[in-house]
Amino acid sequence: MKKLALLVPLVLALALSACNSGSESSGGSTGGGGASEGSFERSPGGAGSKASDNPVSSSAVPQVGPQVVKTASLRLGLASGSFEDKVGEAHAVADSFGGFVVESFASQGSGKRIAEGSLVLRIPAENYESALSRLRELGRVESLEESGQDVSKEFVDLNARIRQLRAVEAQLLELLQRADDVPAALAVQNQLSQVQLDLEQARGRLQYLDDRVAFATISMSMHELSVVAPKGGGFKIVDAWATAGSAFLTVVGWIFIGIAVAAPVLILLGLGILVGREVKRRLAHA
């Protein structure tokens, strides 16, 4: 009993250290650069499951290549009336490279039909360049932005934290089995719950990063191009008639305005001429 009472504070102190400074404790392991234990976490029944059977026995970190999250943003201009066909082709490209569509959006253009939209594709990282090249061929590339985020250090940190939490969990479980009074059992159980929660969070984050690395993300937007006038600057016959009609209406409008302004003056002038002639005629007869 005395021996157990001495071990409990030591293990609890170790558990607190694992929960509060997991990333600091893994600082020395980042020298491996691209090291990752992600494959051990995500491969039940393989090498990973063997390594996890005895989490205290080994602290070696397997050496792997860099872990890079690849993303791209692509904007395409399409020929008029081809939007729906190109969306189908984009789906086919994703399927042909082992990927899938995670998001799709489409909206009506000025012609009251579907003419623009966007897609988000997830493509296996090894097929990223080939798939992006195929997608660029679907239309006229208006913009393309690519980026890669190296998360190798976070992989190493998470794996070091997971190894430490596993070791603490194993020791707490052993202490919990040996506890022979309620206060000691409750103290160990409370700390064990916190360690297991931190362990699941670290595993979840590692699984999320592993998915982001394994599948590149391509966000693409497409829209139909509007019809433009020929480069020679010539007008279509419809445009010519429309221009002529507009000019004719403008001229007619100004003529009516001129007549409306000059009408009173012309009327007074006409009346003056008639009065003058009448006066002149009477004077001649007198």
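Summary of computed values
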| read-out | value |
| --- | --- |
| Per-peptide average of other Cβ atoms within 10 Å, ordering 155-162, 136-143 highest first | 155-162, 136-143 |
| Packing rank of 165-172, 128-135, 244-251, where each peptide gets the mean count of other beta carbons within 10 Å, highest leading | 165-172, 128-135, 244-251 |
| Dipole magnitude of region 67-111 about its Cα centre (Cβ charges: Lys, Arg +1; Asp, Glu -1), debye to nearest 20 | 220 debye |
| Among 147-153, 268-274, 87-93, 179-185, the order from most to least packed when residues are scored by Cβ within 10 Å on average | 87-93, 147-153, 179-185, 268-274 |
| 5 angstrom amide H check on Gln67, placed H, neighbours 5+ away | Val151, Ser152 |
| Residue-normalised accessible area of region 241-286, given per residue in Å² at a 1.4 Å probe | 92 Å² |
| In sequence order, calculated HN-Hα J values of region 207-219 (Karplus, 6.51, -1.76, 1.60; Hz; x Gly/Pro) | 5, 4, 5, 4, 5, 5, 6, 5, 10, 6, 10, 10, 9 |
| Debye, to nearest 20: dipole size of region 81-133, +1 on Lys, Arg Cβ, -1 on Asp, Glu Cβ | 240 debye |
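The values are calculated or read from the model by the stated rules, or taken from the named source; none is laboratory data. Just so you know, these numbers come straight off a predicted model, no measurement behind them. Positions of Cβ are backbone-derived with ideal geometry, glycine not excepted, and every protein chain shown enters the neighbour counts. To get the accessible areas, we keep the full protein, side chains included, count just its heavy atoms, and leave off ligands, DNA and RNA. Shrake-Rupley method; radii C 1.70, N 1.55, O 1.52, S 1.80 Å.
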